[in-house]
Amino acid sequence: MKIADYGDVYINSTNPSKNQDEITNTVCKIAKETFPMVCGGDHSIKYGSFRGFCKAMKEKFPNYEVGIIHFDAHLDVEKGYLIMPEVWHDNVFRKLIEDGYLKGENLYTLGPRGVVDKEWFNYEKEQKINLYSANDIKRQGIVNLINKICESNKNKNIIFYVSFDIDAIDVSYIFGTGTPQCNGLTHMNVIML
């Protein structure tokens, strides 16, 4: 496998909306030619990177839907919050659904745990988002859950974007994340992916 560093996306610290557009354009350009791997930033960059991936896949495979397999300690479906930008790290998947880039039924969230607001949980159910908690992973096994996702989509024309937030991993393995949660994925879970 060949890997190339495409470089950084220009970021304007005072214009989050323009940043999302820059990320979208860069990822779209890469995804038209090869498989993009986007690293860095908080989870809000997922909005622009998924838009870019989605746009490229719709051009390459017009009859396919685009879904997300999302590993995270959190649901990321909150509404706006105080002075946060329109898209921020805790509402990125809600915004993708609301803005028409993603169907809830094509979102698979694996690993959430801790305190979950009832409003967010209800939103997940309303949108038919597929939710597998950290305890589900421990009971069923990470490989079995991935196989279950593949099996449930085998008769569907769908391409998946994979999103991995570092806080999906248990806080005992990963230090320094801004939103740590206990009871996360182990190093073995991650290796098995």
Spin-label zone in the stretch 65-106 - amide nitrogen under 20 Å from a point set 7 Å from the Cα of Lys148 along the C-beta vector: 67-76, 104-106
Whole-percent carbon and sulfur share, accessible surface of the stretch 44-180, 1.4 Å: 52
Long-range amide H partners of Ile159 with built H, under 5 Å: Glu65, Val66, Gly67
Calculated from backbone phi, Karplus (6.51, -1.76, 1.60) coupling profile of the stretch 163-174 in Hz, x at Gly/Pro: 10, 10, 8, 4, 6, 5, 7, 4, 4, 6, 9, 10
Val162 accessible area, 1.4 Å probe, all protein chains in place, Å² to nearest 10: 90
Within the chain, longest stretch free of exposed GluC sites (Glu not before Pro) [DSSP loop, at most 16 other beta carbons within 10 Å]: 87-193
Rg over Rh, two decimals, the stretch 1-84 (C-alpha only, Kirkwood Rh): 0.98
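Heavy atoms only, probe 1.4 angstrom, no DNA, RNA or ligands counted: give me Phe175, Phe160, Phe53, Phe61 ranked by accessible area, highest first.
Values: Phe175 165, Phe160 50, Phe53 10, Phe61 80 Å².
Ranking Phe175, Phe160, Phe53, Phe61 by accessible area, largest first, yields Phe175, Phe61, Phe160, Phe53.
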Surrounding net charge for Cys39, when Lys and Arg each add one and Asp and Glu each subtract one, Cβ distance under 11 Å: -2
With DNA, RNA and ligands ignored, accessible area of Lys148 (1.4 Å probe; Å², nearest 10): 90
P(r) tail fraction, the chain - alpha-carbon pairs more than 31 Å apart, %: 14
Solvent-accessible surface ranking, highest first, for Cys28, Cys150, Cys39 at 1.4 angstrom: Cys39, Cys150, Cys28
Spatial separation of Cα centroids for the stretch 1-49 and the stretch 78-154, in angstrom: 22
Under-5 Å amide H pairs with Ile169, H placed in peptide plane, nonlocal only: Leu185
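The values are calculated or read from the model by the stated rules, or taken from the named source; none is laboratory data. As the structure is a prediction and not an experimental result, all values here were calculated from the model. Please note: Cβ atoms are built from the backbone with ideal geometry, for glycine as well, and neighbour counts cover all protein chains shown. These accessible areas exclude ligands, DNA and RNA; they are computed on the full protein's heavy atoms, side chains included. Shrake-Rupley method; radii C 1.70, N 1.55, O 1.52, S 1.80 Å.
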